[in-house]
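One structure is given here, and the rest of the page talks about it.
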Amino acid sequence: MRLLVLNCGSSSLKFRLLDVDPEKQDVVQILVNGAVKGIGGTGTLELQTKGDTRPVTDESIPDHGHAIQWAFDALEKELKERSQTTGPLKVDAVGHRVVHGGERFSSPVVINEAIEKEIDGLSELAPLHNPACLEGIRGARKVLGEKIPMVAVFDTAFHQNMPPVAKTYALPHELISRYRIRRYGFHGIAHASLSTGYSAFTGKRLEDTRLITLQLGNGCSITAIAGGKSIETSMGFTPLEGLVMGTRSGDVDPSLVSFLSEREGVDAAKVERWLNEESGLLGLSGRTNDMRELLSAATQEHDERAQLAINLFCYRIRKYIGAYLSVLGGSDAVVFGGGIGEASPDIRARVCEGMEWCGLRLDPDRNRACVGLSEGTASEISQDGALVKAYVVAADEETWIAKETVRCLT
Ligand code: ADP
């Protein structure tokens, strides 16, 4: 069975063409990985086959529909060049990552007109993301026709069954029910792939495991997973809550919104933009949201603001790990993932500093050596015998989406 996985971000499209075994619900081979970046302006397209990355020339790409057409044309050409097909590109099904599944979707669904409308209806909860996912769904349908089944795999679904104490805000009940207010949680596909990556690497059954997973990229979140299920996560009604991120503040006192809007003479939407786009590592450092640059500014230039940004980033994570150890009643392991989690031994060491009290002990050599894992692999970075172990997992979200798609269709 040939599958296409489409992952539409607000200005990007990641795609993967792969063959799967429907009976084993597993991947047989990955044919091509690709990405279109810069949608809404001048887009760039990159194709990757067996480690070989080839950029394709820039083109004006106004929306995700055009990006998909471009990706299809490039895939078709690529397969023809490799003599894998002669005619038009054929796929048996498409798996779409959809950011917000609201209260309704706790598992993947086959997309029909009614489901499409529901995803559209959830756009008010995810205005930056769900419209892009819908454009992806419509674009793929336009190119592939009505007959090819398409499945939506939701980023919120993994957190859908968190217990009421974890998913409820202490707000008036009427407001909560009128506006579907709750803690939805995001990055679900990433956290689920980190936990399955841990299980595959260690051979431990998720049913018997308590895990804390850390997705540390531009967006950052942390999840407590018991028996393979998310029971608490740091992002909430929107992805703004929780950890310090590239440009998002994470947790702040909500009364800051009216305070700042009054003092600065701006509306609440403007303050929300500050919190989402100009805060976090960028706001603190005043120079960048790129952790690599911050680490070098802090160590080489002794930039105090960069140092504070890094310290706050790590401190907030440590604070959450402490909280989640309580929520879980102890944890078997902490699992690092995302661009920063995978690539920065320095940040991993700072996060775990002073955590020996709970049995979390990194092995400095293992930690330092663990950089540049290839997708879908993992490595242990804790000391032998540590009570709480630590791992790095290079999560493979597209494979996870592919498996969920097959599971939904068979
Ligand atoms: P996104 O959430 O957009 O997918 P990524 O998961 O790609 O983001 O992570 C991007 C972040 O990872 C950036 O802050 C970048 O600086 C950081 N990063 C990448 N490589 C390193 C590294 N070697 N050391 C520290 N940070 C890194």
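Descriptive notes on the structure:
- Criterion: at pLDDT 95 or above, within 16 Å of the ligand (Cβ to nearest atom), over 18 Å from Gly330 (Cβ atoms) and β-branched (Val, Ile, Thr) - qualifying residue of Ile176, Ile189: Ile189
- Residue count, the stretch 113-142 (criterion: among the aliphatic types (A, V, I, L, M) and open to solvent by 50 Å² or more (accessible area, probe 1.4 Å)): 2
- If you go through the stretch 1-56 and keep only what is among the small types (Gly, Ala, Ser), away from the ligand (no atom under 15 Å from the Cβ) and more than 18 Å from Ser374 (Cβ to Cβ), you end up with Gly40, Gly41, Gly43.
- Residue identified as open to solvent by less than 20 Å² (accessible area, probe 1.4 Å) and closer than 29 Å to Glu375 by Cα among Tyr324, Tyr320, Tyr315: Tyr324
- Among (1) buried (at least 22 other Cβ atoms within 10 Å of the Cβ); (2) within 16 Å of the ligand (Cβ to nearest atom), the one test that Tyr391 misses: (2)
- Index of the failed condition, His100 passing every other in (1) free of Cβ contacts under 8 Å to residues at least 40 places away in the same chain; (2) in contact with a Phe, Trp or Tyr (Cβ under 9 Å, 6 or more places away or on another chain): (1)
- Residues of the stretch 348-377 satisfying the condition of being among the hydrophobic types (A, V, I, L, M, F, W, C) and under 19 Å from the mean Cα position of the chain (by Cα): Leu373
- Of the residues making up the stretch 334-351, those that are more than 8 Å from the ligand (Cβ to nearest atom) and either surrounded by fewer than 21 Cβ atoms within 10 Å (Cβ to Cβ) or among the acidic types (Asp, Glu) (or both) number 3.
- Residue tally, condition within 23 Å of Ala190 (Cβ to Cβ) and either out of contact with any strand residue (DSSP E or B) (no Cβ under 7 Å at 6 or more places or on another chain) or hydrophobic (A, V, I, L, M, F, W, C) (or both), over the stretch 12-30: 8
- Unique match (being open to solvent by 30 Å² or more (accessible area, probe 1.4 Å), modelled with pLDDT of 90 or more and either farther than 20 Å from Ile189 by Cα or aliphatic (A, V, I, L, M) (or both)) among Thr44, Thr57: Thr44
- Qualifying residue in the stretch 199-218 (condition: hydrophobic (A, V, I, L, M, F, W, C), within 16 Å of the ligand (Cβ to nearest atom) and in contact with an Asp or Glu (Cβ under 6 Å, 6 or more places away or on another chain)): no
- Residues satisfying the stated conditions in the stretch 272-300, i.e. aliphatic (A, V, I, L, M) and within 11 Å of the ligand (Cβ to nearest atom): Leu281, Leu282, Met291, Leu294, Leu295
The values are calculated or read from the model by the stated rules, or taken from the named source; none is laboratory data. Every value quoted in this text rests on a predicted model; they were computed, and no experiment measured them. FYI the Cβ positions are ideal-geometry reconstructions off the backbone, even for glycines, and counts take in every protein chain you see. Remember, those area values only see protein heavy atoms, side chains included, never the ligands or the DNA or RNA. Shrake-Rupley method; radii C 1.70, N 1.55, O 1.52, S 1.80 Å.
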